[in-house]
Amino acid sequence: MPPLALPPAALRRSFLSISLPALVQLTAEPLASLVDSAYLGRLGPAVLGGAGVAISAHYALAKLYNDPLLRTSISLVAQEDAAQEDAAQEDAPSSPASSSTSASISTALSLAFLVGAFQAVFYLLLLSPILTSMGVPPASPMRPAASSYLFYRALGSPAATLWLVTNGVFRGLGDTRTPLLYSLLFTALNALLDPLLIFPGGMGAGGAALGTALAQYAALLPLLLALHKRVPLRNLLRTASSRSLLRSSVSAYLSAGSAVLLRTFGKVSCYAYAGRAAALLGPVAAAAYNLTFQLGFATTQVCESVAVAVQTLLARDFGRSPSAPPNARALVKLSVLAGGSVSLLLSLLTYLLRDSLLPLISRDAGVVAAASGIFPVVLVAQVLKGLAYPCNGIIMGGLDWSFSMLAMWLSNAACLSYFKYAERLSPGAGALLSLGQIWTGLSIFMGGQVLLSAARVASKTGPWTALKEKQKIDAL
C-alpha cells in the first residue's frame with residue numbers, strides 16, 4: 001500500500017522545519033560576503049573590482065565541480081534515507097542507520113575531498129592565465145588584488161568543498177539545524193578574522209580570502225564529527241560487501257553527477273561571461289558589478305532555503321513511493337509560493353534601502369553612481385533568481401537530472417544569444433556590453449530556468465508521470 005499524503009498543516013511544518021534553519025544559514029553566509037565587500041570597498045575601486053573578478057573566477061570553477069556533489073548528495077541521501085526508514089519501521093523499528101545510507105554519505109565526502117584538492121592545485125598552477133582570461137591582464141590595476149584573493153581562496157578549496165557537501169548530506173537527512181550552528185560559528189570567525197587580516201595584517205584582498213578559508217576549516221571539523229555521530233562513516237574498502245556498496249554508491253553519484261556537471265557548465269559559463277564583460281569595462285564598472293552582484297544575487301541565495309526544503313522532501317517522497325509520491329503536487333505549489341514571496345520581499349527591501357546600502361559597500365562616488373543606474377534591472381534579475389531556486393529544487397527533488405541539464409543549457413543559449421546581439425549593437429570597435437545589458441542577459445538566464453521548469457512539471461512526462469498515477473489513486 002502506498003504511503004498516505006501528509007495533511008497540509010503537517011506538510012507545512014515539515015517544510016518549515018527544513019527551510020527556516022536553512023534560511024538563517026543562507027542569510028548569514030551572504031552577509032559575510034557583503035561585509036568583505038564593505039571592507040575592501042574602503043581600499044578603492046581597483047581592490048574591490050579585483051576581488052570581484054577573483055570571486056567570479058573562483059565561483060565559476062568551484063561551482064562547476066561543487067554543485068554536482070552538493071545537488072546529488074541532497075537527493076540521493078534523502079531518497080536512500082527515506083527508503084531505509086520505511087524498511088526499518090516495517091522490519092526493525094529500533095535499527096540504526098542503514099549501511100547503504102552510510103556508504104552513500106561516505107562516498108560523497110570522499111569525492112568532495114578529492115574534488116577540493118583538485119581545485120586547489122588547479123587554481124595555484126593556473127592562477128595567472130585564469131585572471132588574464134577573465135579580463136585582468138598583468139598590467140591591470142586590479143591584478144594585485146585579484147591574484148592575492150584567488151591564491152588564498154585556492155588554499156581553502158578542500159574545506160569549502162567538504163563544507164558544502166557535508167551541508168548537503170545533512171539536508172538530505174532532513175536536518176538543517178545542525179549545519180546552521182556551525183555555519184554561525186564560521187560566519188562569526190570570518191567576521192572576526194577578515195578585518196584583522198585586511199587592515200592590521202596589511203593583506204588587503206588576500207586577507208579577506210585567507211580569513212574565509214581559516215574560518216571554514218575551523219568550523220568544518222566539528223561539523224564532520226557531528227555527522228559521524230549521527231551516521232557512522234564507513235571504511236568502504238574493508239570488506240567485499242563494503243566494496244560492493246561503494247561501487248553501487250559511486251555509480252549512483254556518477255550517473256546523477258555527470259548530468260549535473262554538464263548543467264553546471266551551462267550555469268558558470270554564463271556567470272563567467274558576465275563577469276569578464278564587466279571587467280573589460282574597467283575598475284569602476286567591475287566594482288559596480290561586484291557590488292550589485294552581492295546585493296542582487298548573493299542576498300537572493302536565502303531563497304535556496306526553499307529549494308533545499310522542496311528538494312529534500314520531494315526526494316524523500318519519491319524514495320518512499322517512486323510511482324505515486326503522495327505529497328509531490330502540494331510540495332510544488334508550496335515551494336513556488338514561498339520562493340516567489342521571499343524573492344519579492346527581498347527585492348522590495350533592497351530597493352527601499354538602496355541609498356543606504358550602496359555607500360556602505362563602496363565609498364567611491366563613481367562606483368555608487370554606476371550601481372544606482374542599473375538597480376531596476378538588477379532587481380528584476382533578483383526576483384527571477386529567487387524563483388529559479390525552488391524551480392530547480394523541484395526538478396532535482398524529482399531526480400530529473402537530464403532535464404535539469406537541458407533547461408540550464410537552453411537558458412544559457414538564450415542569455416548568450418542576447419549578449420552577442422547586444423555586442424553587435426554596441427558602438428565602436430570594442431563591442432563592449434554595458435552593465436545594464438549584462439544584467440538584462442542574466443534576467444533572461446534566470447527567467448528561462450523558471451519557465452522551462454514549470455513547463456516540465458506541467459507536462460507530466462519523465463519522473464513527473466508519477467503525478468498522473470497519484471491522480472488515479474486519489475480518484476479511486
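The values are calculated or read from the model by the stated rules, or taken from the named source; none is laboratory data. Everything numeric here is computed off the predicted structure, so don't read it as measured data. All Cβ positions, glycine included, derive from the backbone under ideal geometry; neighbour counts span all protein chains shown.
Before we move on, is residue 227 among the hydrophobic types (A, V, I, L, M, F, W, C), modelled with pLDDT under 80, buried (at least 17 other Cβ atoms within 10 Å of the Cβ) and part of a helix (DSSP H, G or I)?
Judged against the criteria, residue 227 is not a match.
Quick check, is residue 367 of a type in the set (Val, Ile, Thr), in a helix (DSSP H, G or I) and in contact with a Pro (Cβ under 6 Å, 6 or more places away or on another chain)?
Considered against the rule, which asks whether it is of a type in the set (Val, Ile, Thr), in a helix (DSSP H, G or I) and in contact with a Pro (Cβ under 6 Å, 6 or more places away or on another chain), residue 367 comes out as yes.
In the stretch 172-191, which residues are assigned to a helix (DSSP H, G or I) and either more than 24 Å from residue 119 (Cα to Cα) or aliphatic (A, V, I, L, M) (or both)?
172, 177, 178, 180, 181, 184, 185, 188, 189, 191
Considering only the stretch 24-38, how many residues are modelled with pLDDT of 80 or more and either surrounded by fewer than 23 Cβ atoms within 10 Å (Cβ to Cβ) or among the small types (Gly, Ala, Ser) (or both)?
The qualifying residues number 1.
Here are some conditions: (1) more than 17 Å from residue 51 (Cβ to Cβ); (2) surrounded by fewer than 23 Cβ atoms within 10 Å (Cβ to Cβ); (3) in contact (Cβ under 8 Å) with a residue 24 or more places away in the chain. Residue 126 meets all but one. Which one does it not meet?
Going through (1) more than 17 Å from residue 51 (Cβ to Cβ); (2) surrounded by fewer than 23 Cβ atoms within 10 Å (Cβ to Cβ); (3) in contact (Cβ under 8 Å) with a residue 24 or more places away in the chain one by one, residue 126 breaks only (3).
Give me the residue from the stretch 168-181 that is crowded, with 24+ Cβ neighbours inside 10 Å and more than 12 Å from residue 18 (Cβ to Cβ) and, out of that set, nearest to the chain's Cα centre (by Cα).
168
Just a yes or no: is a residue in the stretch 412-420 touching a Leu at 6+ places or on another chain (Cβ under 8 Å), at pLDDT below 90, crowded, with 16+ Cβ neighbours inside 10 Å and over 19 Å from residue 75 (Cα atoms)?
No, because not a single residue in the stretch 412-420 is touching a Leu at 6+ places or on another chain (Cβ under 8 Å), at pLDDT below 90, crowded, with 16+ Cβ neighbours inside 10 Å and over 19 Å from residue 75 (Cα atoms).
Taking residue 353, is it of a type outside the set (Gly, Ala, Ser), modelled with pLDDT of 80 or more and farther than 30 Å from residue 50 by Cα?
It is false that residue 353 is of a type outside the set (Gly, Ala, Ser), modelled with pLDDT of 80 or more and farther than 30 Å from residue 50 by Cα.
Out of curiosity, is residue 373 over 30 Å from residue 75 (Cβ atoms), among the small types (Gly, Ala, Ser) and in contact (Cβ under 8 Å) with a residue 12 or more places away in the chain?
Details: over 30 Å from residue 75 (Cβ atoms): yes; among the small types (Gly, Ala, Ser): yes; in contact (Cβ under 8 Å) with a residue 12 or more places away in the chain: yes.
Answer is yes for this residue.
Out of the residues in the stretch 96-123 that are touching an Asp or Glu at 6+ places or on another chain (Cβ under 8 Å) and assigned to a helix (DSSP H, G or I), state the one that is surrounded by the fewest Cβ atoms within 10 Å (Cβ to Cβ).
100
Against the definition (among the aliphatic types (A, V, I, L, M) and surrounded by 24 or more Cβ atoms within 10 Å (Cβ to Cβ)), how does residue 458 come out, yes or no?
Answer is no for this residue.
Consider residue 399 carefully, then state whether it is of a type outside the set (Val, Ile, Thr) and part of a helix (DSSP H, G or I).
Against the criterion (of a type outside the set (Val, Ile, Thr) and part of a helix (DSSP H, G or I)), residue 399 does not qualify.
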